[in-house]
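Asks: If you scroll down you'll find the structure; I have some questions about it.
Only the coordinates and a few stated rules stand behind these numbers; no lab work does. As the structure is a prediction and not an experimental result, all values here were calculated from the model. Counting neighbours? That spans all protein chains shown, and the Cβs are built from the backbone with ideal geometry, glycine included.
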Amino acid sequence: MTTEDKDTASKSKQGIMPTDSDVLCGRGAGMLNHPGNTTYRNFVAEKKIAYLTRNFKREKRQIANEIVEKIRNLDPPGRFLCQDKGDGEWHEIGDVKAREKTLQALRENAPIVRKQLEQENAVMMAQLVQEARHLQEDAQRHAQAKAIAERELRDRGYSLGPQSPSLPSCSGSIQQMTAISNEQPLTPACIAHSYA
């Protein structure tokens, strides 16, 4: 019987055999590449930003608890296992230690993630400012177009007093503007000039 077979028989006899849903605590490529650890890291990555943007410890603990619970709810149910260096036996570390492990995982690379968030927020803010400027410029152009159209109508002798039909906005149709002028509709050149 090989050493690997002996180890497998020993673990089987002791009753705890890691599954693909389990999170194996420890270091090394074997732990890093274990399917349960990969799933666990993905859960942590999904919640890292939420964790770093929370201000209260109870909120951060709740996020860690949610990750632990997601592992527990896998099929088959996931466990957090630690291997005894002496006899090679796997032990369940329990929810408290699992949460502490998860909190530590959520804190890893926090400065780098925060810097990335700041950069993303700066880019988003610049885009919002640029969009607001464009909207303001559009509003100014529309206001100027409306003023030009009103002046053209007054020059033709039409009243735009409080009792007169309101001049359509820039979204109004040419037919609406024609209805206002009645006998003397605006020329296409005038309309084009008004909405330039």
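Asks: Through the Karplus equation 6.51 cos²θ - 1.76 cosθ + 1.60, θ set to phi - 60°, convert the phi angles of region 110-122 into ³J(HN,Hα) values in whole Hz; use x for Gly and Pro.
Replies: Along region 110-122, the couplings run 4, x, 5, 5, 4, 5, 4, 4, 4, 5, 5, 5, 5 Hz.
Asks: Between Asp75 and Tyr158, with labels modelled 7 Å along Cα→Cβ, what's the label distance in nm to one decimal, could you check?
Replies: 7.0
Asks: When only Cα pairs under 8 Å and 6 or more residues apart are kept, what is the percent relative contact order across region 53-138? Before the final figure, lay out each step's value.
Replies: On the way: 37 pairs, mean separation 18.7, N = 86.
Computed value for region 53-138: 22 percent relative contact order.
Asks: OK, next. Local charge sum around Met31 (other residues, Cβ-Cβ under 13 Å, Lys/Arg +1, Asp/Glu -1)? Provide the component values of the computation, followed by the final result.
Replies: Working: positive: Arg27, Arg41, Lys101; negative: Asp22.
Spelling it out: positives minus negatives among the neighbours equals +2.
Asks: Excluding residues fewer than 8 places away in the same chain, name every one of the aspartates and glutamates whose C-alpha is closer than 13 Å to that of Lys70.
Replies: Asp22, Glu46, Asp95
Asks: Here's another thing I want to ask about it. Calculate I(q)/I(0) for region 38-133 by the Debye formula, one identical point scatterer on each C-alpha and no solvent, and give its log10 at q = 0.17, 0.25 Å⁻¹ to two decimals.
Replies: -0.82, -1.25
Asks: How much FRET efficiency would the formula 1/(1 + (r/R0)^6) give for Cys82 and Leu117, where r is the Cβ-Cβ distance and R0 is 30 Å, rounded to 0.05?
Replies: Numbers: r = 33 Å, r/R0 = 1.10.
About 0.35, to the nearest 0.05.
Asks: Per residue of region 20-28, what does 6.51 cos²θ - 1.76 cosθ + 1.60 with θ = phi - 60° give for ³J(HN,Hα)? Whole Hz please, x for Gly and Pro, Karplus curve as stated.
Replies: Ordered by residue, 3J(HN,Hα) equals 5, 8, 7, 9, 9, 7, x, 10, x Hz.
Asks: Using a Förster distance of 25 Å, how high is the FRET efficiency between Arg58 and Asn109, based on the Cβ-Cβ distance and rounded to 0.05? Display every interim value, and only then the final one.
Replies: Numbers: r = 23 Å, r/R0 = 0.93.
My answer for the efficiency is 0.60.
Asks: So which of Lys57/Lys85; Lys60/Lys115; Lys47/Lys97 end up more than 28 Å apart by C-alpha?
Replies: Working: Lys57/Lys85 34 Å; Lys60/Lys115 19 Å; Lys47/Lys97 19 Å.
Flagged as over cut-off: Lys57/Lys85.
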